[in-house]
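The values are calculated or read from the model by the stated rules, or taken from the named source; none is laboratory data. This structure is a prediction, so every number in the text was calculated from the model and none was measured. Every residue, glycine as well, gets a Cβ built from its backbone with ideal geometry; the counts of neighbours run over all protein chains shown. Note: areas computed on protein heavy atoms with side chains; ligands, DNA, RNA excluded. Shrake-Rupley method; radii C 1.70, N 1.55, O 1.52, S 1.80 Å.
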Amino acid sequence: MGKFVYMFEEGRADMKSLLGGKGANLAEMTRIGLPVPQGFTVTTEACNRYYSEWSMSIPAELEREIFDNLEKLQAITGKVFGDNHNPLLVSVRSGAVISMPGMMDTILNLGLNDQSVTGLSKSTGNERFALDSYRRFIQMFGDVVTHIEKYKFEGILDKVKEKRGAEHDTDLTAEDLREVVDRYKELYRAEIGEDFPQEPKKQLLMAVKAVFDSWNNPRAIAYRNINEIPHHLGTAVNVQSMVFGNMGDTSGTGVAFTRNPATGVKALFGEFLMNAQGEDVVAGIRTPKSIDQLNEILPDVHRQFVEVAGLLEKHYRDMQDIEFTVERGILYILQTRNGKRTAEAALKVAVDLVGEGLISKEEALMRVQPQQLDQMLHPNFDPAFLKEAQLLAQGLPASPGAATGKVYFTAEEAVDAVSRGEKAILVRQETSPEDIEGMNAAEGILTSRGGMTSHAAVVARGMGKCCVAGCGEIRVEEENKRFVVKGITIAEGDYISLDGSSGKVYQGSIPTIEPGLSGNFATLMKWADEVRTLKVRTNADNPRDAEAAVKFGAEGIGLCRTEHMFFEEERIPVVREMIISRSREQRQKALDRLMPMQKEDFKGIFKVMGERPVTIRLLDPPLHEFLPKEDHDIRNLAGDMGIQFEELKGIVKDLEEFNPMLGHRGCRLAITYPEIAEMQTRAIIEAAIEVSAETGIRVKPEIMVPLVGNVSELSFLKEFIIKTAAKVIEETGADLEYMVGTMIEVPRAAITADEIAREAEFFSFGTNDLTQMAMGFSRDDAGKFLEEYKKKGIIEADPFQRLDQTGVGKLVEMAVQLGKKERPDIKLGICGEHGGDPSSIDFFYRVGLNYVSCSPFRVPIARLAAAQAVIRNRE
C-alpha cells in the first residue's frame with residue numbers, strides 16, 4: 001500500500017507536501033536537536049486516499065502502520081499506551097500543507113481512560129492534574145469526534161465552579177474534577193447512546209478519522225475559499241507524545257512570535273499561562289501574561305526559550321510562530337511555523353531580514369503576499385475628528401487599521417448586513433473558527449475576551465482586518481444583541497469605530513484619511529520595479545482616480561471608460577437628448593454639446609498622466625442603460641425634456657433588448673451611429689493636441705474599439721477614426737501620434753486574432769466579457785450558482801476574480817501568438833478585473849503580455865505580483 005506514516009526522526013523540512021507544515025517542522029526541529037516531544041505523522045496522501053479510495057474509513061493496513069509506529073514511540077518514551085502505571089498519552093493534531101490556524105481539529109491527552117487516569121495520578125504524584133487532563137480529554141474528544149456541542153460540557157463545568165465558589169478552573173480540587181469527569185461521561189452516554197470509549201487504540205483511530213474529516217468541515221472550506229488554498233491538498237495528522245503545562249506552578253504553556261506580528265518590530269512577542277494547556281491560551285478563557293513575565297517566574301526557561309526562538313528564526317530565515325509547553329520547569333517546543341502577520345509587519349520583516357543579511361531582495365519580494373498590500377492602501381482615522389470622538393473602551397491592539405460600521409453579534413448577522421450593502425463590525429465575547437465567514441465579511445472585529453494570540457487576533461491579522469481583542473471593559477450580551485460599557489448601551493445596528501493599532505473603541509462613525517506610502521512600502525516597491533518586466537497601468541475614468549493611481553505607481557491608463565463620464569448630472573440630459581433623437585441632425589446637435597465636455601475630461605486625464613500612455617475606449621454599453629426603466633421616472637424625464645410620456649416610453653421600449661450583453665453595444669453601436677464615434681475621436685484628438693501645446697507634454701493617445709468579433713468591424717471604424725483624426729490634425733496644424741487598437745473580448749476575435757492584428761496596433765484583453773462569452777456565464781447572474789460550484793469542487797475559484805487559465809486562458813494565449821505572428825511589435829495588455837489578481841498576473845507574464853491594468857488601489861498589488869512572476873518562473 002506504500003508508506004503512510006513517518007516518525008518525526010524520518011522527516012525533513014522539505015517534505016511539507018507529504019507531512020504537512022506542522023509535521024515537516026516537527027521533523028526538522030527533531031533533526032536539529034531541539035527539545036521536541038516525539039511522535040509520528042500520518043501523511044496528507046493518506047488523507048487524500050481516505051476521501052478518494054477508502055470511502056472515508058481507515059483500512060486495516062493503515063491501522064497496522066499507525067500501531068507499528070505507536071510501538072516505536074513507546075520505546076522512545078519508555079511509556080505504554082493505556083498503561084495503568086505510567087501511561088503514554090498523545091495529542092492528535094491536524095497539519096495542512098498551508099497553515100490554516102484554528103480551522104481543523106485537535107485532541108489532547110488521548111489515551112486516558114478510567115484505569116490510566118489512576119496510573120497518571122500515581123506516576124506524577126498529582127491526582128488533581130490527572131483528573132484535570134481527563135476532563136479536558138473527554139470534552140475535546142466529545143466535541144471533535146462525536147460532535148457534542150462544547151457549551152454542554154462548559155455548562156457542567158460552570159455549575160461545579162459555581163457550587164464550589166471557584167472563579168477559575170484552577171481553583172477546583174481533585175474531588176471537584178472527579179465530579180466533572182463523572183458528569184461529562186454521563187453527558188457522553190446520554191448524547192451518543194454508549195459509554196465513553198475506554199480502549200486507547202480505538203480512541204486513537206477515531207481521532208485520526210475525525211482530523212481527516214475536519215479537512216472538509218464548513219469553516220475549513222470557507223477558510224480555503226477566502227485564502228484561495230486548493231481543496232485537494234489534504235491534511236496530515238500528527239500524533240505526538242504529551243507534555244503537560246497543567247502540572248502545577250512550574251508548568252505552563254504559551255505561544256510566541258520571534259517578532260511582533262502586528263508591527264514587525266524585532267522583539268519577542270507572545271503570551272503564556274501557568275498551570276494550563278494550550279487551548280486555554282487561544283480560547284481566551286483566562287487572561288494570559290506577556291512572554292517577558294516568564295523571566296520573573298522561570299528565568300532559566302525564559303533564557304532557554306529566547307535562545308531557541310533566535311535559533312529557529314535563523315534556521316528558517318523568517319519570523320516564527322512558536323508553541324511551547326513547560327512541564328515541571330523543562331521547556332518543550334510543540335510547533336514552529338512561519339508566523340501570520342499584518343501587511344505592515346510583512347513589509348518590515350522582509351526589509352529588515354535583507355538588512356540583517358538573512359535573505360536576498362528577491363526572497364524578500366516572495367515573502368509578502370500581494371493581497372496583503374491591500375491593508376496598506378486603505379484609510380486611517382482622521383486625527384482631527386479623532387480628537388472629538390467619544391472613547392468607549394480600551395482593548396488590545398490585535399490587528400491594525402481603522403474600521404467603522406454597525407454592530408452585529410453573530411457571524412450570520414454580519415454576513416447578512418454586508419449582503420445588504422452595510423458596513424458591519426462583528427462583536428463577540430470571543431470568536432471561534434465557526435465565525436470565519438462573518439469575520440471575513442466584517443470591516444473589523446471586537447472581542448471582550450482573549451489576548452494578542454487569540455483566535456480573533458490571529459485570524460484578523462491574516463485577513464488584514466482591523467481587530468480589538470480582550471476588551472474586558474465591555475459586557476457583551478449576545479442574546480440581547482447589545483453590549484454595555486460605562487453605563488452606555490450599544491445595540492445591534494448602532495455605529496462604532498475601532499482603531500486596531502491602538503486598541504481603542506469609539507462610539508459613532510469617524511471619517512478616515514488616505515494612507516501614506518513610504519518607508520518599507522516604498523523600499524519593497526522599488527525592489528519589485530527593479531525585477532518586473534510587465535508594466536502596470538490603471539483603469540481610471542477621471543483625473544481623481546488617475547492621480548491616485550499615479551501615486552500608487554501606475555505607468556499609464558489601460559482602460560478609460562468614456563461612458564462613465566456620461567452619467568454625471570449635467571451631462572445625462574444631453575446624453576438622453578442624443579439617444580431619443582429621431583434624426584441624425586438632432587443627434588448631431590446633442591453630440592456637439594457633449595463634445596466639449598468629453599474633451600475637458602480627456603484633457604484633465606492627459607494632464608495628470610503626463611507622457612504615460614492612455615487607452616480610451618469608445619462608448620461600449622447599450623443606449624438603454626442611460627434611460628430610466630420605471631414609469632414614474634420616464635414620466636418625470638418626459639416632462640423635463642418637453643416630450644410626451646407615451647413617445648418616450650415607446651423609445652425606451654424600442655431600445656430594450658433580451659440579452660443586452662450580446663446586443664446593440666460596443667463597435668456595433670459605433671457602426672450604426674458613426675457620429676458618436678466621430679464625436680469621441682474628435683474629443684480625444686483635440687484634447688491631446690491642446691494638452692501637448694499647453695504643457696509641452698507629448699501625449700500619445702490610444703483609441704480602443706470595443707467588442708470587435710470580425711476584422712471588418714474594426715476596418716470600418718478604423719478608417720472612420722483615421723479620417724476624423726486627420727481632419728482635426730490638419731485643422732490645427734499639429735503633429736500628433738496616436739494608435740488605434742481593439743479589445744479582445746469576443747471569443748471569435750481571439751480565434752481570428754491574426755486577421756484583426758492587420759488592423760489593430762494593440763490588443764487589450766477584456767477578460768470580463770471574454771470569460772462571460774467563453775464560459776456561458778452571465779457575470780450578473782452567476783453568483784447564484786458559483787458558490788455551489790466551489791463547494792462541490794466543480795471550480796476552485798470564481799472565474800470573474802481569477803482567470804480560468806485552462807479555458808479562457810487558452811483563448812488569450814492563442815490571440816497573443818496569432819497577433820504577434822501577424823504584427824511582431826503589437827502592444828498587448830489586459831484591462832479586465834483579472835489585471836489585479838496575482839495568479840492571473842503570473843499567467844499574463846508567462847504568455848507574453850506587455851502590461852496589466854487594474855483599479856488604482858490594486859496597482860501596488862499588481863507591481864509586486866509582476867515581480868514575483870519573474871522570480872517564480874525563473875526557478
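In this view, the solvent-accessible surface of L396, computed with a 1.4 Å probe and all protein chains in place, comes to about 60 Å². Computed from the alpha carbon positions, the gyration tensor of segment 177-318 leads to an equivalent ellipsoid with semi-axes of 33, 25, 15 Å, biggest first. Working from Cα pairs under 8 Å separated by at least six residues, relative contact order for segment 795-868 is 31 percent.
FRET efficiency for the pair E363 and T173, taken as 1/(1 + (r/R0)^6) with r the Cβ-Cβ distance and R0 = 60 Å, rounds to 0.65. Of the options (i) 1.03; (ii) 1.22; (iii) 1.10, only one is Cα Rg over 2.2 N^0.38 Å as computed from these coordinates, and that is (iii). Relative to the longest principal Cα axis of the chain, at what angle does helix 584-609 sit, 0 to 90 degrees, rounded to 10? Value to nearest ten degrees: 50. In degrees, nearest 10, range 0 to 90: what is the angle between the Cα axis of helix 127-144 and the longest Cα principal axis of the chain? The helix 127-144 is inclined about 40 degrees to the chain. Solvent-accessible area assigned to carbon and sulfur over segment 679-820 amounts to 49 percent, based on a 1.4 Å probe. Compared with the alpha-carbon gap, the fully stretched path from E730 to T695 is longer by 10.5 nm at 0.36 nm per residue. Please state the relative contact order of the chain as a whole percent: Cα pairs under 8 Å, 6+ residues apart? In percent, rounded to a whole number, it is 9.
Placing a label point 7 Å from the Cα of K423 along the Cα-to-Cβ direction, the residues of segment 463-488 whose backbone N falls under 16 Å of that point are 465-468. The E434 and D633 beta-carbon pair, evaluated with R₀ = 51 Å, returns a calculated FRET efficiency of approximately 0.70.
Solvent-accessible surface of the chain, averaged per residue with a 1.4 angstrom probe and all protein chains in place: 40 square angstrom. For the chain, the Cβ-based charge dipole about the Cα centre amounts to some 1360 debye (Lys, Arg positive; Asp, Glu negative; other atoms uncharged).
As I understand it, the value is the acute angle between the Cα axis of helix 859-874 and the longest principal axis of the Cα atoms of the chain; what does it come to in degrees, rounded to 10? On a 0 to 90 degree scale, this one is about 70. Each of R846 and K266 was given a label point 7 Å from its Cα along the Cα-to-Cβ line. The distance between the two points is 3.7 nm. Could you pull out the GluC sites (Glu not before Pro) across segment 380-467 that fall in loop regions by DSSP (anything but H, G, I, E, B) with no more than 13 other Cβ atoms inside 10 Å? Sparse-neighbourhood loop GluC sites (Glu not before Pro): E388.
With 0.36 nm allotted per residue and the present C-alpha distance subtracted, the K3-Y495 stretch has 171.5 nm of extension available. To the nearest 10, the accessible area of R31 is 140 Å² with a 1.4 Å probe.
Based on the inverse mean of 1/r over its pairs of different Cα atoms, what is the Kirkwood hydrodynamic radius of segment 462-548, in Å? With all distinct Cα pairs of segment 462-548 included, I get 17.4 Å.
A DSSP coil position with no more than 12 other Cβ atoms inside 10 Å describes the following chymotrypsin sites (Phe, Trp or Tyr not before Pro) in segment 501-584: F567. Approximating the spin labels as points 7 Å out from Cα along Cα→Cβ, the E53-to-L517 distance works out to 5.0 nm.
Across segment 635-781, the relative contact order, built from alpha-carbon pairs under 8 Å that are at least six residues apart, equals 21 percent.
Which residue, T447, V407, N84, has the largest displacement toward the positive end of the dipole of the chain when charges sit on each Cβ (Lys, Arg +1; Asp, Glu -1)? Comparing the listed Cα positions along the dipole, N84 ranks first. Taking 14 Å as the cut-off, the amide N atoms of segment 801-837 that come nearer than this to a point 7 Å along the Cα-to-beta-carbon line of R758 belong to 819, 822-823. Summing Cβ point charges (Lys, Arg +1; Asp, Glu -1) relative to the Cα centre of segment 774-875 gives a dipole of roughly 300 debye. Length gained on full extension, T250 to K481: 79.0 nm, using 0.36 nm per residue less the C-alpha separation.
FRET efficiency for the pair K209 and K152, taken as 1/(1 + (r/R0)^6) with r the Cβ-Cβ distance and R0 = 35 Å, rounds to 0.95. With a simple spin-label model that places each label point 7 Å from the Cα along the Cα-to-Cβ direction, the separation between F785 and E822 comes to 3.4 nm.
For segment 335-382, carbon and sulfur atoms together expose 45% of the accessible surface, with a 1.4 angstrom probe and every protein chain in place.
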